[in-house]
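Quick notes on the structure that follows.
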Amino acid sequence: MPTIWFCVVAVMVAVYVVLDGFDLGAGILHPFLAKTDAERRAVLASIGPVWDGNEVWLLAGGGTLYFAFPALYAAGFSGFYLPLMMVLWLLILRGISIEFRNHIDSPVWQPLWDAVFCGASALLAIFFGAALGNVVRGVPLDASGYFFLPLWTDFSTGRNAGILDWYTVLVAVAAFLALAEHGALWIAYKTQGELERRARRAAANLWWGVLVLVVLITLASFSIQPHLKESFGLRPWGYVFPLVAVLGLSMMKLFSGLRGFLGSSVFLTGMLTSVVFGVYPLVLPSNGDPALSLTIDNAAAAPYGLSVGLIWFIPGIALAASYFIYTYRSFAGKVGPQ
């Protein structure tokens, strides 16, 4: 049962990254791709019906984590308290920038909220990437299952590392480029005219940066976290997940429009599932004493609660998925002139 819930949490996170990832990427790129107010409105219209709904999957992932792995939830939210508060404020700023932008027609008001939308989206991509890097690298868990991390120390990856070190910064940059690429492919799929052409060019250029960073973080991850090599060595079938990422990366290069965007979605899913498979059965590795790591067994809730929760979870998530399918089908196609 803990393994099932481990997979459920992984799916929640992957769905959130794929869905909210494209509107984060659109936020990062829209000041650079959209040259006029009408084009900026078109970018916002492409995500307008779905951006807030996409964040439901972040709440669903957090709620599932709280229910299934309370020890991980408690340790993670206490150890990462500062960056989590920063993420919360960035989510708030990003939301109000979308909602407030068109309330006043002013040469100062709209550019201000455009800058806030871009900045908050970019920082969220960077923070989420750094968080993923911390999970792979490990944190200094103590015997009670808690830890504390400063924002940074000397940028080394040892036991005294901070939230930011050379490895987590590398993963953060990779996440930034990958989500920017994801957003460019979404804009190219949803818009038309010169804006679509700019988005296609941006996606083609960003692809090379994503390729380089994927190679670098793959090599660095296996060097930083020995458990990755052990996981893939014990279960070679897990190499299917990196192959899925390679397939998605190839689709991003070969196709544009909807197929290119789907390739980006496949790539992000393949990368995240590779990480999940690599750290399993750990949910939060210790970068000091491996025996102190949180696993699916010592971090999970009681088996009875997990069994009952699964009975309620299945119809609930099916209802949410049905709503999302309906929403995306209702707003399919390119956005019109704004």
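Look through segment 158-169, keep the residues that are in contact (Cβ under 8 Å) with a residue 40 or more places away in the chain and buried (at least 19 other Cβ atoms within 10 Å of the Cβ), and return whichever of them is farthest from Leu33 (Cα to Cα).
Initially, segment 158-169 is screened for residues in contact (Cβ under 8 Å) with a residue 40 or more places away in the chain, giving 158-159, 161, 163, 167.
Among the residues that remain, those that are also buried (at least 19 other Cβ atoms within 10 Å of the Cβ) are: 161, 163, 167.
Details: Ala161: 37, Ile163: 32, Tyr167: 30 Å.
Among those residues, the one meeting the criterion is Ala161.
Can you give me the number of residues within segment 215-256 that are among the basic types (Lys, Arg) and in a helix (DSSP H, G or I)?
Number of matching residues: 2.
How many residues does segment 272-299 contain that are without any contact (Cβ under 8 Å) to a residue 60 or more places away in the chain and either surrounded by 19 or more Cβ atoms within 10 Å (Cβ to Cβ) or touching a Cys at 6+ places or on another chain (Cβ under 7 Å) (or both)?
The total comes to 4.
Which is of a type in the set (Ser, Thr, Tyr) and in contact with a helix residue (DSSP H, G or I) (Cβ under 8 Å, 6 or more places away or on another chain), of Ser293, Ser286, Ser223? Lay out the reasoning, then the answer.
Details: Ser293 fails: in contact with a helix residue (DSSP H, G or I) (Cβ under 8 Å, 6 or more places away or on another chain); Ser223 fails: in contact with a helix residue (DSSP H, G or I) (Cβ under 8 Å, 6 or more places away or on another chain).
From the options Ser293, Ser286, Ser223, the qualifying one is Ser286.
Is segment 277-288 home to any residue that is over 17 Å from Ala10 (Cα atoms) and in a helix (DSSP H, G or I)?
no
Counting only residues that are surrounded by fewer than 18 Cβ atoms within 10 Å (Cβ to Cβ) and among the polar types (S, T, N, Q), which one in segment 124-155 is nearest to Ile92 (Cα to Cα)?
Thr153
Output the residues belonging to segment 13-51 that are basic (Lys, Arg) and modelled with pLDDT of 95 or more.
The initial filter retains those residues of segment 13-51 that are basic (Lys, Arg), namely 35, 40-41.
Passing the criteria: none in range.
Which of the residues belonging to segment 231-246 are touching a helix residue (DSSP H, G or I) at 6+ places or on another chain (Cβ under 6 Å), among the hydrophobic types (A, V, I, L, M, F, W, C) and without any contact (Cβ under 8 Å) to a residue 40 or more places away in the chain?
Phe241, Val244, Ala245 - these are the residues of segment 231-246 that are touching a helix residue (DSSP H, G or I) at 6+ places or on another chain (Cβ under 6 Å), among the hydrophobic types (A, V, I, L, M, F, W, C) and without any contact (Cβ under 8 Å) to a residue 40 or more places away in the chain.
If you take the residues in segment 222-251 that are surrounded by 12 or more Cβ atoms within 10 Å (Cβ to Cβ) and of a type in the set (Phe, Trp, Tyr), which one is farthest from Leu211 (Cα to Cα)?
If we take residues in segment 222-251 being surrounded by 12 or more Cβ atoms within 10 Å (Cβ to Cβ) and of a type in the set (Phe, Trp, Tyr), then Phe232 is farthest from Leu211 (Cα to Cα).
Just the residues that are assigned to a loop (DSSP other than H, G, I, E, B) and free of Cβ contacts under 8 Å to residues at least 24 places away in the same chain, please, taken from segment 143-157.
Ser144, Pro150, Thr153, Asp154, Phe155, Ser156
Can you find even one residue in segment 255-271 that is in contact with a His (Cβ under 6 Å, 6 or more places away or on another chain) and either surrounded by fewer than 21 Cβ atoms within 10 Å (Cβ to Cβ) or over 30 Å from Ser156 (Cβ atoms) (or both)?
Within segment 255-271, one or more residues are in contact with a His (Cβ under 6 Å, 6 or more places away or on another chain) and either surrounded by fewer than 21 Cβ atoms within 10 Å (Cβ to Cβ) or over 30 Å from Ser156 (Cβ atoms) (or both).
Ala302 is checked against (1) surrounded by fewer than 21 Cβ atoms within 10 Å (Cβ to Cβ); (2) touching a residue at least 40 places away in the same chain (Cβ under 8 Å) and fails just one. What number does that condition carry?
(2)
The values are calculated or read from the model by the stated rules, or taken from the named source; none is laboratory data. Quick caveat, the model's predicted, so the values are computed rather than measured. Neighbour counts are summed over all protein chains in view; Cβ atoms, including those assigned to glycine, are modelled from backbone coordinates with ideal geometry.
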